[in-house]
Amino acid sequence: MPRSRLSGSFNSPKVDVVIDMGNPFLNHTVDGFVKIGTVGAARVTAEETFHCLKKGEFSKHILEHTLKKMCKEGAYWGTVAGVYVGMEYGIERIRGTRDWKNATLSGALSGALISAASNNSRDKIVADAITGGAIATAAEFLSYLT
């Protein structure tokens, strides 16, 4: 029996925003903040657009609420990404190698730091460190597959 197979690849567009802070560490950190902060803001935009379409209403109040939520979420997501990217770059420079261990350490330290800054309990900080390390490691391994 004849079989056919679809093969190919999908490449997402690469967007590079060059912000030169005069220091590679700061360049990586700001780049992570801007890119992922934009993703966070776009998520809010899509979510709020869906809610407006579902309700069938749109007002100045809803727009103001959406803009505030976009800024808040964008800043939060960007801060998390900036901390992670900055830590990963720093650990890479200290260790002198680029591998999955940098992602694991960066994710764990970022998770713990952000959790501690949120005044969480010690158990929550440890759980967030484990979660951050696991997510970063999984993302690193997935990037090796592509």
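Any read-out appearing in this document is the output of simple, stated calculations on the displayed coordinates, not a laboratory observation. Remember, it's a predicted structure, so these values are computed and weren't measured experimentally. Cβ placement follows ideal geometry from the backbone for every residue including glycine, while neighbour counts extend to all protein chains displayed.
Structure data summary
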{"item": "Residue match in region 39-48 (condition: touching a Gly at 6+ places or on another chain (Cβ under 7 Å) and surrounded by 14 or more Cβ atoms within 10 Å (Cβ to Cβ))", "result": "yes"}
{"item": "Given (1) more than 17 Å from Ala136 (Cα to Cα); (2) small (Gly, Ala, Ser); (3) touching a residue at least 12 places away in the same chain (Cβ under 8 Å), number of the condition Ser59 does not satisfy", "result": "(3)"}
{"item": "Long-range neighbours under 7 Å by Cβ, at least six apart or interchain, first residue in contact (Cβ under 8 Å) with a residue 40 or more places away in the chain within region 105-122, second of a type outside the set (A, V, I, L, M, F, W, C) and in a helix (DSSP H, G or I)", "result": "none"}
{"item": "Subset of region 42-60 (residues that are outside any loop (DSSP other than H, G, I, E, B) and of a type in the set (D, E, K, R))", "result": "Arg43, Glu47, Glu48, Lys54, Lys55, Lys60"}
{"item": "Only listed residue being in a helix (DSSP H, G or I), more than 24 Å from Asn23 (Cβ to Cβ) and more than 16 Å from the chain's Cα centre (by Cα), chosen from Asp128, Asp123", "result": "Asp123"}
{"item": "Residue selected from region 61-104 under the condition part of a helix (DSSP H, G or I) and of a type in the set (Asp, Glu), by the criterion farthest from Tyr144 (Cα to Cα)", "result": "Glu64"}
{"item": "Region 52-101, residues that are among the aromatic types (Phe, Trp, Tyr) and in contact with a Phe, Trp or Tyr (Cβ under 6 Å, 6 or more places away or on another chain)", "result": "Tyr89"}
{"item": "Residue list for region 107-139, filter: touching a Gly at 6+ places or on another chain (Cβ under 7 Å) and acidic (Asp, Glu)", "result": "Asp128"}
